[in-house]
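The values are calculated or read from the model by the stated rules, or taken from the named source; none is laboratory data. Owing to the predicted nature of the structure, the values given are computational and were not obtained by experimental measurement. We place every Cβ from the backbone using ideal geometry, glycine too, and count neighbours over all the protein chains shown. Just so you know, the surface numbers come from the protein's heavy atoms only, side chains and all, with ligands and any DNA or RNA stripped out. Shrake-Rupley method; radii C 1.70, N 1.55, O 1.52, S 1.80 Å.
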Amino acid sequence: GKKIIMLEPRRLAARSIAERMSDLLESETGKEIGYRIRFETRVSNQTKIEVVTEGILTRMLQSDNALEDVGMVVFDEFHERSLNADLALALCREAQQVLRPDLRIMVMSATLNVPELSSLLKCKVIQSEGRQFPVDIHYTSDADEFLLPELAARTIIQATQKHEGDVLVFFPGEADIRKCEELLLKDLPDFSIHALYGQLPKNQQIAAILPNRNGKRKVVLATSIAETSLTIEGIRIVIDTGFGKISRFDTRSGLTKLETVRISKDSADQRAGRAGRLSSGVCYRMWTKATHERLAEHRIPEIMEADLASLVLDMAQWGVHDIAQLTWLSPPPKAALAQASDILENINALENGKITAHGKDI
(Lines give C-alpha, C1' and ligand atoms only; values in the text may rest on other atoms or scores of the structure.)
Protein backbone atom coordinates (compact mmCIF):
# COMPACT_ATOMS: atom_id res chain seq x y z
CA GLY A 1 0.00 0.00 0.00
CA LYS A 2 1.06 3.56 -0.71
CA LYS A 3 1.53 6.25 1.93
CA ILE A 4 -0.70 9.18 2.80
CA ILE A 5 1.03 12.56 3.08
CA MET A 6 -0.86 15.09 5.22
CA LEU A 7 0.11 18.75 4.99
CA GLU A 8 -0.08 21.19 7.89
CA PRO A 9 0.71 24.91 7.69
CA ARG A 10 2.60 24.92 11.04
CA ARG A 11 5.28 22.80 12.68
CA LEU A 12 3.59 22.67 16.09
CA ALA A 13 0.35 21.44 14.48
CA ALA A 14 2.16 18.79 12.40
CA ARG A 15 3.85 17.35 15.48
CA SER A 16 0.69 17.51 17.64
CA ILE A 17 -1.50 15.84 15.00
CA ALA A 18 0.97 12.98 14.44
CA GLU A 19 1.16 12.44 18.22
CA ARG A 20 -2.65 12.54 18.58
CA MET A 21 -3.21 10.02 15.75
CA SER A 22 -0.52 7.74 17.22
CA ASP A 23 -2.27 7.91 20.63
CA LEU A 24 -5.57 6.90 18.99
CA LEU A 25 -3.81 3.87 17.48
CA GLU A 26 -2.09 3.23 20.85
CA SER A 27 1.19 3.34 18.98
CA GLU A 28 4.45 5.21 19.26
CA THR A 29 4.87 8.32 17.09
CA GLY A 30 7.16 7.47 14.17
CA LYS A 31 5.73 3.98 13.63
CA GLU A 32 2.43 3.89 11.62
CA ILE A 33 2.05 7.68 11.94
CA GLY A 34 5.14 9.86 11.58
CA TYR A 35 6.03 13.47 10.89
CA ARG A 36 8.63 15.54 9.08
CA ILE A 37 9.15 19.16 10.01
CA ARG A 38 12.15 21.45 9.69
CA PHE A 39 15.06 20.09 11.81
CA GLU A 40 12.99 17.12 13.08
CA THR A 41 11.89 13.82 11.49
CA ARG A 42 10.13 10.84 13.11
CA VAL A 43 9.29 8.20 10.51
CA SER A 44 10.11 4.52 9.95
CA ASN A 45 9.66 1.90 7.24
CA GLN A 46 6.26 1.10 8.87
CA THR A 47 4.95 4.65 8.44
CA LYS A 48 1.61 4.77 6.58
CA ILE A 49 0.72 8.43 7.26
CA GLU A 50 3.34 11.17 7.23
CA VAL A 51 2.32 14.58 8.59
CA VAL A 52 4.56 17.24 7.04
CA THR A 53 4.79 21.00 6.79
CA GLU A 54 4.09 22.45 3.36
CA GLY A 55 7.66 23.37 2.38
CA ILE A 56 8.74 19.76 3.00
CA LEU A 57 6.25 18.47 0.39
CA THR A 58 7.66 20.90 -2.19
CA ARG A 59 11.11 19.41 -1.55
CA MET A 60 9.73 15.85 -1.76
CA LEU A 61 8.22 16.73 -5.15
CA GLN A 62 11.54 18.20 -6.30
CA SER A 63 13.33 14.88 -5.65
CA ASP A 64 10.49 12.64 -6.93
CA ASN A 65 8.17 14.42 -9.39
CA ALA A 66 5.73 11.50 -9.49
CA LEU A 67 5.54 10.90 -5.70
CA GLU A 68 5.80 7.20 -6.56
CA ASP A 69 5.21 5.78 -3.05
CA VAL A 70 2.39 8.22 -2.18
CA GLY A 71 -1.27 7.30 -2.77
CA MET A 72 -2.91 10.43 -1.39
CA VAL A 73 -1.99 13.98 -0.42
CA VAL A 74 -4.21 15.72 2.17
CA PHE A 75 -4.05 19.53 2.40
CA ASP A 76 -5.29 20.36 5.91
CA GLU A 77 -6.36 23.84 7.13
CA PHE A 78 -6.31 24.98 3.51
CA HIS A 79 -8.17 28.22 4.34
CA GLU A 80 -4.80 29.63 5.48
CA ARG A 81 -3.84 29.79 1.77
CA SER A 82 -0.09 29.93 2.35
CA LEU A 83 2.22 30.32 -0.64
CA ASN A 84 3.70 26.85 -0.02
CA ALA A 85 0.24 25.21 0.06
CA ASP A 86 -0.80 26.85 -3.23
CA LEU A 87 2.51 25.83 -4.81
CA ALA A 88 2.31 22.24 -3.50
CA LEU A 89 -1.28 21.92 -4.77
CA ALA A 90 -0.29 23.21 -8.24
CA LEU A 91 2.62 20.72 -8.37
CA CYS A 92 0.44 17.81 -7.17
CA ARG A 93 -2.17 18.66 -9.82
CA GLU A 94 0.59 18.69 -12.44
CA ALA A 95 1.88 15.29 -11.23
CA GLN A 96 -1.70 13.96 -11.27
CA GLN A 97 -2.36 15.16 -14.82
CA VAL A 98 0.96 14.12 -16.36
CA LEU A 99 2.48 11.25 -14.36
CA ARG A 100 0.08 9.95 -11.69
CA PRO A 101 -3.62 9.88 -12.69
CA ASP A 102 -4.17 7.55 -9.67
CA LEU A 103 -2.87 10.14 -7.13
CA ARG A 104 -5.69 11.29 -4.82
CA ILE A 105 -5.79 14.89 -3.55
CA MET A 106 -7.95 16.02 -0.63
CA VAL A 107 -8.35 19.65 0.50
CA MET A 108 -9.77 20.23 4.00
CA SER A 109 -10.76 23.02 6.37
CA ALA A 110 -13.63 24.05 8.63
CA THR A 111 -13.89 27.39 6.77
CA LEU A 112 -13.31 26.65 3.07
CA ASN A 113 -14.42 28.85 0.19
CA VAL A 114 -16.21 25.78 -1.23
CA PRO A 115 -17.86 27.19 -4.42
CA GLU A 116 -14.55 28.65 -5.68
CA LEU A 117 -12.52 25.53 -4.80
CA SER A 118 -14.91 22.91 -6.18
CA SER A 119 -15.36 24.74 -9.52
CA LEU A 120 -11.58 25.20 -9.98
CA LEU A 121 -10.59 21.72 -8.84
CA LYS A 122 -13.63 20.01 -10.44
CA CYS A 123 -14.00 17.72 -7.45
CA LYS A 124 -16.57 16.24 -5.09
CA VAL A 125 -17.45 18.07 -1.87
CA ILE A 126 -17.80 16.02 1.32
CA GLN A 127 -19.20 17.73 4.42
CA SER A 128 -18.76 16.44 7.96
CA GLU A 129 -20.74 18.20 10.67
CA GLY A 130 -18.14 17.30 13.31
CA ARG A 131 -18.79 17.99 16.98
CA GLN A 132 -18.84 21.67 17.84
CA PHE A 133 -20.33 22.89 21.10
CA PRO A 134 -22.20 26.21 21.10
CA VAL A 135 -20.08 29.35 21.55
CA ASP A 136 -21.73 32.51 22.85
CA ILE A 137 -20.22 35.52 21.02
CA HIS A 138 -19.95 38.99 22.60
CA TYR A 139 -18.84 42.09 20.69
CA THR A 140 -17.13 44.86 22.66
CA SER A 141 -15.98 48.24 21.29
CA ASP A 142 -13.34 48.68 18.57
CA ALA A 143 -9.89 48.19 20.14
CA ASP A 144 -7.03 50.57 19.37
CA GLU A 145 -4.32 48.52 17.64
CA PHE A 146 -1.64 50.24 19.76
CA LEU A 147 -3.31 49.47 23.11
CA LEU A 148 -4.08 45.77 22.55
CA PRO A 149 -2.10 44.39 25.55
CA GLU A 150 -3.80 46.76 28.03
CA LEU A 151 -7.31 46.37 26.56
CA ALA A 152 -6.97 42.59 26.30
CA ALA A 153 -5.75 42.32 29.93
CA ARG A 154 -8.84 44.22 31.08
CA THR A 155 -11.14 41.98 28.99
CA ILE A 156 -9.41 38.81 30.30
CA ILE A 157 -9.88 39.87 33.94
CA GLN A 158 -13.60 40.63 33.38
CA ALA A 159 -14.18 37.36 31.48
CA THR A 160 -12.48 35.19 34.13
CA GLN A 161 -14.71 36.71 36.82
CA LYS A 162 -17.88 35.94 34.81
CA HIS A 163 -17.06 32.52 33.31
CA GLU A 164 -15.42 29.24 34.30
CA GLY A 165 -12.57 27.56 32.43
CA ASP A 166 -9.27 28.44 30.83
CA VAL A 167 -8.71 31.36 28.47
CA LEU A 168 -7.16 31.56 24.99
CA VAL A 169 -6.31 35.06 23.76
CA PHE A 170 -5.34 35.89 20.15
CA PHE A 171 -2.77 38.61 19.47
CA PRO A 172 -1.04 39.65 16.23
CA GLY A 173 2.49 38.98 17.51
CA GLU A 174 5.03 38.27 20.22
CA ALA A 175 5.57 41.87 21.39
CA ASP A 176 1.90 42.30 22.36
CA ILE A 177 1.87 38.87 24.03
CA ARG A 178 4.88 39.74 26.23
CA LYS A 179 3.37 43.11 27.31
CA CYS A 180 0.04 41.49 28.22
CA GLU A 181 1.83 38.66 30.06
CA GLU A 182 3.61 41.26 32.23
CA LEU A 183 0.28 42.90 33.14
CA LEU A 184 -1.44 39.57 33.93
CA LEU A 185 1.38 38.29 36.16
CA LYS A 186 0.57 41.29 38.40
CA ASP A 187 -3.23 41.28 38.05
CA LEU A 188 -3.98 37.52 37.99
CA PRO A 189 -1.43 36.00 40.39
CA ASP A 190 -3.51 32.82 40.91
CA PHE A 191 -3.56 31.93 37.22
CA SER A 192 -0.95 30.08 35.17
CA ILE A 193 0.01 32.43 32.28
CA HIS A 194 1.52 31.00 29.06
CA ALA A 195 2.74 32.48 25.79
CA LEU A 196 2.31 30.46 22.55
CA TYR A 197 3.95 31.47 19.26
CA GLY A 198 6.03 29.87 16.52
CA GLN A 199 9.53 30.83 17.73
CA LEU A 200 8.92 29.65 21.31
CA PRO A 201 11.05 26.64 22.43
CA LYS A 202 9.26 23.29 22.05
CA ASN A 203 8.97 22.57 25.83
CA GLN A 204 7.27 25.94 26.40
CA GLN A 205 4.85 25.31 23.51
CA ILE A 206 3.95 21.93 25.04
CA ALA A 207 3.44 23.53 28.50
CA ALA A 208 0.98 26.00 26.94
CA ILE A 209 -1.07 23.16 25.40
CA LEU A 210 -1.21 20.76 28.38
CA PRO A 211 -3.48 21.33 31.43
CA ASN A 212 -1.82 22.87 34.50
CA ARG A 213 -0.48 20.13 36.83
CA ASN A 214 -1.59 21.93 39.98
CA GLY A 215 -5.12 22.50 38.72
CA LYS A 216 -4.60 26.26 38.33
CA ARG A 217 -6.76 28.10 35.80
CA LYS A 218 -4.76 28.95 32.73
CA VAL A 219 -4.48 31.90 30.31
CA VAL A 220 -2.77 31.18 26.97
CA LEU A 221 -1.65 34.26 25.01
CA ALA A 222 -1.20 33.14 21.40
CA THR A 223 -0.65 34.24 17.83
CA SER A 224 -2.67 32.70 14.98
CA ILE A 225 -0.60 29.51 15.60
CA ALA A 226 -3.48 28.42 17.91
CA GLU A 227 -6.20 29.23 15.37
CA THR A 228 -6.37 25.71 13.96
CA SER A 229 -5.22 22.10 14.41
CA LEU A 230 -4.44 22.40 18.13
CA THR A 231 -6.83 21.44 20.90
CA ILE A 232 -5.77 23.17 24.09
CA GLU A 233 -7.68 21.28 26.76
CA GLY A 234 -9.79 23.28 29.19
CA ILE A 235 -10.34 26.35 26.95
CA ARG A 236 -13.86 27.70 27.44
CA ILE A 237 -13.16 31.40 26.92
CA VAL A 238 -11.63 32.91 23.75
CA ILE A 239 -10.68 36.57 23.59
CA ASP A 240 -9.90 37.79 20.09
CA THR A 241 -8.11 41.12 19.57
CA GLY A 242 -9.14 40.92 15.89
CA PHE A 243 -5.66 41.48 14.45
CA GLY A 244 -3.05 39.28 12.78
CA LYS A 245 0.26 39.73 11.00
CA ILE A 246 0.83 39.17 7.29
CA SER A 247 3.96 39.34 5.13
CA ARG A 248 3.51 41.93 2.40
CA PHE A 249 6.01 42.39 -0.42
CA ASP A 250 6.64 45.98 -1.48
CA THR A 251 7.44 45.89 -5.21
CA ARG A 252 8.98 49.40 -5.06
CA SER A 253 11.55 48.66 -2.35
CA GLY A 254 11.94 44.94 -3.11
CA LEU A 255 11.54 44.22 0.62
CA THR A 256 8.99 42.16 2.55
CA LYS A 257 7.55 43.64 5.71
CA LEU A 258 5.27 42.26 8.39
CA GLU A 259 2.07 44.27 8.72
CA THR A 260 -0.58 44.14 11.44
CA VAL A 261 -4.00 43.90 9.78
CA ARG A 262 -7.61 43.16 10.71
CA ILE A 263 -8.41 39.46 10.36
CA SER A 264 -11.07 38.11 7.95
CA LYS A 265 -14.39 36.55 8.97
CA ASP A 266 -13.13 33.00 8.35
CA SER A 267 -10.23 33.61 10.78
CA ALA A 268 -12.63 35.05 13.37
CA ASP A 269 -14.81 31.91 13.02
CA GLN A 270 -11.80 29.63 13.46
CA ARG A 271 -10.69 31.54 16.57
CA ALA A 272 -14.16 31.57 18.17
CA GLY A 273 -14.48 27.82 17.50
CA ARG A 274 -11.54 27.14 19.84
CA ALA A 275 -13.90 27.83 22.78
CA GLY A 276 -16.31 25.08 21.69
CA ARG A 277 -13.99 22.13 21.16
CA LEU A 278 -14.66 20.21 24.38
CA SER A 279 -17.69 21.99 25.92
CA SER A 280 -19.85 25.06 25.38
CA GLY A 281 -17.92 28.31 25.63
CA VAL A 282 -17.80 32.04 25.13
CA CYS A 283 -15.88 34.35 22.75
CA TYR A 284 -15.26 38.06 23.30
CA ARG A 285 -14.47 39.89 20.05
CA MET A 286 -12.65 43.16 20.65
CA TRP A 287 -14.54 44.95 17.88
CA THR A 288 -18.14 46.02 17.16
CA LYS A 289 -20.86 44.17 15.25
CA ALA A 290 -20.70 46.94 12.60
CA THR A 291 -16.94 46.41 12.14
CA HIS A 292 -17.58 42.66 11.85
CA GLU A 293 -19.96 43.20 8.92
CA ARG A 294 -17.17 45.08 7.09
CA LEU A 295 -14.51 42.34 7.52
CA ALA A 296 -13.43 40.44 4.40
CA GLU A 297 -15.09 37.00 4.08
CA HIS A 298 -11.79 35.17 3.40
CA ARG A 299 -8.14 36.08 3.82
CA ILE A 300 -6.12 37.16 0.78
CA PRO A 301 -4.03 34.21 -0.47
CA GLU A 302 -0.35 34.79 0.36
CA ILE A 303 0.61 34.25 -3.31
CA MET A 304 -1.13 37.55 -4.19
CA GLU A 305 1.05 39.65 -1.85
CA ALA A 306 4.30 37.74 -1.28
CA ASP A 307 7.82 37.96 -2.69
CA LEU A 308 7.76 35.27 -5.41
CA ALA A 309 11.54 34.79 -5.83
CA SER A 310 11.50 31.43 -3.97
CA LEU A 311 8.48 30.31 -6.03
CA VAL A 312 10.17 31.17 -9.36
CA LEU A 313 13.38 29.41 -8.23
CA ASP A 314 11.42 26.31 -7.14
CA MET A 315 9.67 26.25 -10.52
CA ALA A 316 12.96 26.56 -12.41
CA GLN A 317 14.37 23.66 -10.36
CA TRP A 318 11.21 21.69 -11.22
CA GLY A 319 11.75 22.49 -14.93
CA VAL A 320 8.62 24.66 -15.35
CA HIS A 321 9.41 27.80 -17.37
CA ASP A 322 5.87 29.01 -18.03
CA ILE A 323 4.48 29.26 -14.51
CA ALA A 324 1.08 30.44 -15.83
CA GLN A 325 0.55 26.99 -17.44
CA LEU A 326 0.11 25.29 -14.06
CA THR A 327 -3.38 24.97 -12.52
CA TRP A 328 -3.31 27.74 -9.88
CA LEU A 329 -6.21 28.48 -7.55
CA SER A 330 -5.00 32.09 -7.54
CA PRO A 331 -2.62 32.73 -10.46
CA PRO A 332 0.49 34.59 -9.21
CA PRO A 333 0.53 38.26 -10.30
CA LYS A 334 2.53 38.78 -13.52
CA ALA A 335 4.37 41.90 -12.25
CA ALA A 336 5.56 40.08 -9.10
CA LEU A 337 6.74 37.10 -11.22
CA ALA A 338 8.66 39.39 -13.59
CA GLN A 339 10.31 41.18 -10.69
CA ALA A 340 11.26 37.86 -9.03
CA SER A 341 12.84 36.63 -12.30
CA ASP A 342 14.82 39.88 -12.66
CA ILE A 343 16.18 39.58 -9.10
CA LEU A 344 17.17 35.93 -9.67
CA GLU A 345 18.89 36.77 -12.99
CA ASN A 346 20.75 39.65 -11.26
CA ILE A 347 22.17 37.32 -8.58
CA ASN A 348 23.04 34.64 -11.19
CA ALA A 349 20.52 32.13 -9.78
CA LEU A 350 18.86 32.02 -13.21
CA GLU A 351 20.31 32.47 -16.68
CA ASN A 352 17.81 33.06 -19.50
CA GLY A 353 15.13 31.59 -17.24
CA LYS A 354 17.07 28.36 -16.51
CA ILE A 355 18.41 27.53 -13.06
CA THR A 356 22.19 27.81 -12.64
CA ALA A 357 24.49 25.78 -10.36
CA HIS A 358 24.46 28.82 -8.02
CA GLY A 359 20.64 28.79 -8.12
CA LYS A 360 20.61 25.11 -7.10
CA ASP A 361 22.93 25.89 -4.15
CA ILE A 362 20.55 28.65 -3.04
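Numbers for the structure displayed
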quantity	calculated
Electrostatic dipole magnitude of the chain [Cβ: Lys, Arg +1; Asp, Glu -1; Cα centre; debye, to 20]	600 debye
Degrees separating the helix 54-63 axis from the principal Cα axis of the chain, which is the longest one	20 degrees
Contour minus Cα-Cα distance for residue 213 and residue 150 (0.36 nm per residue)	19.9 nm
Region 214-274-region 84-108 distance, computed between alpha-carbon centres (Å)	28 Å
Probe 1.4 Å, accessible area per residue of region 219-362, Å²	46 Å²
Inter-probe distance in nm under a simple model that places probes 7 Å from Cα toward Cβ, at residue 175 and residue 119	4.1 nm
Pairwise Cα inverse-distance average, inverted: Kirkwood Rh of the chain (Å)	22.0 Å
Residue-span extension gain [residue 334 to residue 260] - 0.36 nm each, minus C-alpha spacing	24.1 nm
In sequence order, calculated HN-Hα J values of region 323-329 (Karplus, 6.51, -1.76, 1.60; Hz; x Gly/Pro)	4, 5, 6, 5, 7, 9, 5
Unit charges on C-beta of K, R, D, E only; dipole of region 83-229, Debye	660 debye
Share antiparallel - DSSP beta bridges, region 22-131, percent rounded to 5	25 percent
Rounded accessible area per residue of region 1-74, 1.4 Å, Å²	49 Å²
Accessible surface of residue 168 - all protein chains present, 1.4 Å probe, nearest 10 Å²	0 Å²
Estimated FRET transfer efficiency (residue 204, residue 138; beta-carbon r; R0 30 Å; 0.05)	0.50
Whole-Hz couplings from phi, Karplus 6.51/-1.76/1.60, listed for region 160-173; x for Gly and Pro	6, 6, 8, 10, 7, x, 7, 10, 10, 10, 9, 10, x, x
Sequence-distant lysines (8 or more away, or on other chains) whose Cα lies within less than 25 Å of residue 31	2, 3, 48, 202
Nearest-0.05 FRET efficiency for residue 65 and residue 45, computed from C-beta distance (R0 22 Å)	0.45
Those trypsin sites (Lys or Arg not before Pro) in region 241-326 that DSSP places in a loop and that have at most 11 other beta carbons within 10 Å	252
Exceeding the 25 Å Cα-Cα cut-off - candidates 179/245; 245/265; 218/257	218/257
Peptides ranked, highest mean first, by Cβ atoms within 10 Å: ranges 49-62, 112-125, 208-221	49-62, 208-221, 112-125
Under-5 Å amide H pairs with residue 281, H placed in peptide plane, nonlocal only	135, 136
Charge dipole of the chain about the Cα centre (unit charges at C-beta), most positive-ward option of 9, 173, 47	47
Karplus 3J(HN,Hα) series, Hz, for region 10-19 with 6.51 cos²θ - 1.76 cosθ + 1.60 (x for Gly, Pro)	10, 5, 4, 5, 4, 5, 4, 5, 4, 5
At R0 = 22 Å, FRET efficiency that the Cβ-Cβ distance of residue 102 and residue 327 yields, to 0.05	0.80
Relative contact order, percent, region 222-362 [alpha-carbon distance under 8 Å, six or more residues apart]	21 percent
Simple spin-label estimate for residue 126 and residue 26 in nanometres, 7 Å along Cα-Cβ	2.6 nm
Distance from region 300-316 to region 156-177 (C-alpha centre basis), Å	35 Å
Tail beyond 27 Å, pair distance distribution of region 131-272 (Cα, percent)	19 percent
Compactness of region 1-158, expressed as Rg and Dmax over alpha-carbon positions, Å	19.0, 58
Heavy-atom accessible surface of the chain: percent carbon and sulfur, 1.4 Å	50 percent
Helix 83-98 axis, angle to the chain major axis (alpha carbon atoms, nearest 10°)	40 degrees
Size of charge dipole - region 173-288 - debye, nearest 20, with Cβ of Lys, Arg +1 and Asp, Glu -1, no other charges	80 debye
Length-normalised contact order of region 74-191 in % [C-alpha pairs under 8 Å, at least 6 apart]	21 percent
Farthest positive-ward along the chain dipole, Cα basis, beta-carbon charges - from 253, 234, 91	234
